[in-house]
Amino acid sequence: MSLDDLARALHERFDTKTAARERALPAARRSIRASANAIRAIHRGEFDRALELAAESRAAIDEGMLAVVDHPEVRFAGYLQDAQKEYAEARLTYAIVRDERVPAPEDLEVEDAPYLNGMAESIGEGRRHVLDLLRRGEVDRAERVLAALEDLHGLLVTMDHPDAITLNLRRSTDVARSLIEKTRGDLSIAFAQRSMHDALERHARDVLGKGDR
């Protein structure tokens, strides 16, 4: 093979990979955007819309994966993994807020490392939901959500594998732990405030009762 033929063959292969990347990258971006909008819809209580957006995110991932099916070095460059992570976060946040079964990676058709990182980030969204519940005075419901977040964190801390395999999951897990600790503190304050409120109401009833006599 002449150098001209070699150059031509190399250019053709790189052109093919570049074309695949240029199809996959916008798809990954669309997926990430749809997942972020799905999470916002969840917090607004727009659950049907959240599912529609999650489906859009899933479709964009599938489109991106199809574009690079013959190019694993492009597929695993990172942006499709980021899209899977954000999609997993949206679906897990939905499950947390709706008190549903936590979907597995196989249910979501995502890779394990993006799934686990999405789980870690969903704990932050779960904290936001707990704070919303506390503002509405739903302390018991907030306690149940916190328990679910602690269960997720309990799973994450068992994933003691190299960062290169888990995509730096350890750092995300540490952040999740700090968020859970803050949320536990917020919940403790809410319980104390409710107890004080209940005690004051009982005292007021007792005083009124004695006045009637």
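The values are calculated or read from the model by the stated rules, or taken from the named source; none is laboratory data. Small disclaimer: the values here were computed from a predicted structure and weren't measured. Methodologically, a virtual Cβ is constructed for each residue, glycine included, from the backbone with ideal geometry; neighbour enumeration extends over all protein chains shown.
Below is a table of values for the structure above.
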| read-out | value |
| --- | --- |
| Residues located in segment 83-112, provided they are of a type in the set (Asp, Glu) and either at positive phi or touching a Ser or Thr at 6+ places or on another chain (Cβ under 9 Å) (or both) | Glu86, Glu89, Asp99, Glu109, Asp112 |
| Elements of type helices (runs of 4 or more DSSP H) in segment 30-131, at least 3 residues being out of contact with any Gly (no Cβ under 8 Å at 6 or more places or on another chain) and within 20 Å of Ala147 (Cβ to Cβ) | 79-98 |
| Residues of segment 93-112 satisfying the condition of being crowded, with 21+ Cβ neighbours inside 10 Å and not aliphatic (A, V, I, L, M) | Thr93, Tyr94 |
| Checklist (1) surrounded by 13 or more Cβ atoms within 10 Å (Cβ to Cβ); (2) without any contact (Cβ under 8 Å) to a residue 40 or more places away in the chain applied to Asp151, failing item | (1) |
| Qualifying residues in segment 64-92 (those that are charged (D, E, K, R) and modelled with pLDDT of 95 or more) - the one surrounded by the most Cβ atoms within 10 Å (Cβ to Cβ) | Arg91 |
| From Arg128, Arg184, Arg213, residue being modelled with pLDDT of 95 or more and among the charged types (D, E, K, R) | Arg128 |
| Asp48 exposed (fewer than 14 other Cβ atoms within 10 Å of the Cβ) and at pLDDT 95 or above | yes |
| Close pairs from segment 46-61: first in the same structural domain as Arg33 (by TED's automatic domain parsing), partner of a type in the set (Val, Ile, Thr) and in a helix (DSSP H, G or I), Cβ under 6 Å, at least 6 apart | Ala50/Ile42 |
| Residue list for segment 26-72, restricted to those being among the hydrophobic types (A, V, I, L, M, F, W, C) and more than 16 Å from Ala88 (Cβ to Cβ) | Ala27, Ala41, Phe47, Leu66, Ala67, Val68, Val69 |
